[in-house]
Amino acid sequence: MRTDGGVATMGAEAGAVRADAGAVSVWEVDLAPDDPRAEAAALRLLDDAEHARVARLTDPRKRAALLRSHAAVRVLLAARTGLPAERIAWSAAANGKPAPVADCAWSLSRSGQRALIALTRGPAVGVDLQAEHPHGEPAALALRFFAPAEVAEVATAPGAHARVRRLCRLLARKEAWAKAAGGRLLHVLPHDSRGPAPKWWDGAEYFIADLKPAPGFAAAVAAAGRPPGPVDHHLCDWRDLCAPN
């Protein structure tokens, strides 16, 4: 896994992704910094439906996170496909799985003021980001929803915080898997998501990889087919993608 400090050379990186069919690239985007000029540029990229979604949000932090993450997806897809960012169609299939753009499958996840965006030339990809906070008592939740081996992994963690971290890591893996498969999380929850071995869903093979996001978060990426090799994990600020040159 490669971690870069930014995406100043985003065009070159997009070309590298384009050259390797099935390779997966993930951008971890800090959505927190304010920048009026970048905000105005981001607004110009969104379509009418996205503008309406942004307008419906009353929480300014959630509104900014939606705007900035959607604009970032558009910029990355434009670099990947050669299409104008503002003309990319934002559409979804069953269970909210985003439709591919040209030959590029993609996935977006937000948690608080951070986002993960995954791109691949492969047939399907899913990504998930989880803030490490209690969703309830971790061992009890694992017992209710997870596979037996996962229940044991959560229950034997050394301390309350470790149990929360393990629960969130497993939940991120399951969310990413469900997104890649285009299924519902409820259907994936009982299946063991641990380890590097291939996972099967509805007759198709998937791989799942843990990511190393910012402290306080758990993250994972899943893709259809056999593992394509290292997952490129890039760190950037949303302004690196959206600010005018």
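The values are calculated or read from the model by the stated rules, or taken from the named source; none is laboratory data. Please read these numbers as outputs of a predicted model, since none were measured by experiment. Ideal geometry is used to build each Cβ from the backbone, glycine not excepted, and the neighbour counts take in all protein chains shown. Surface accessibility is based on the protein's heavy atoms, side chains included, excluding ligands, DNA and RNA. Shrake-Rupley method; radii C 1.70, N 1.55, O 1.52, S 1.80 Å.
Here Leu186 passes the criteria (1) within 18 Å of the chain's Cα centre (by Cα); (2) surrounded by fewer than 19 Cβ atoms within 10 Å (Cβ to Cβ); (3) of a type in the set (A, V, I, L, M) except the one numbered (1). Note on segment 69-78: residues that are open to solvent by 10 Å² or more (accessible area, probe 1.4 Å) and either modelled with pLDDT under 95 or within 14 Å of Ala32 (Cα to Cα) (or both) total 0. No other residue among Arg239, Arg165, Arg194 is assigned to a loop (DSSP other than H, G, I, E, B), open to solvent by 50 Å² or more (accessible area, probe 1.4 Å) and touching a residue at least 40 places away in the same chain (Cβ under 8 Å) apart from Arg194.
If you check Glu132, Glu153, which single one turns out to be open to solvent by less than 70 Å² (accessible area, probe 1.4 Å) and within 13 Å of Phe217 (Cα to Cα)?
Of the residues listed, the single one that is open to solvent by less than 70 Å² (accessible area, probe 1.4 Å) and within 13 Å of Phe217 (Cα to Cα) is Glu132.
Evaluated against (1) open to solvent by 20 Å² or more (accessible area, probe 1.4 Å); (2) aromatic (Phe, Trp, Tyr); (3) touching a helix residue (DSSP H, G or I) at 6+ places or on another chain (Cβ under 9 Å), Trp106 falls short on exactly one condition, (1).
Counting only residues that are more than 15 Å from Ser111 (Cα to Cα) and open to solvent by 20 Å² or more (accessible area, probe 1.4 Å), how many does segment 210-236 have? Counting residues in segment 210-236 that are more than 15 Å from Ser111 (Cα to Cα) and open to solvent by 20 Å² or more (accessible area, probe 1.4 Å) gives 10.
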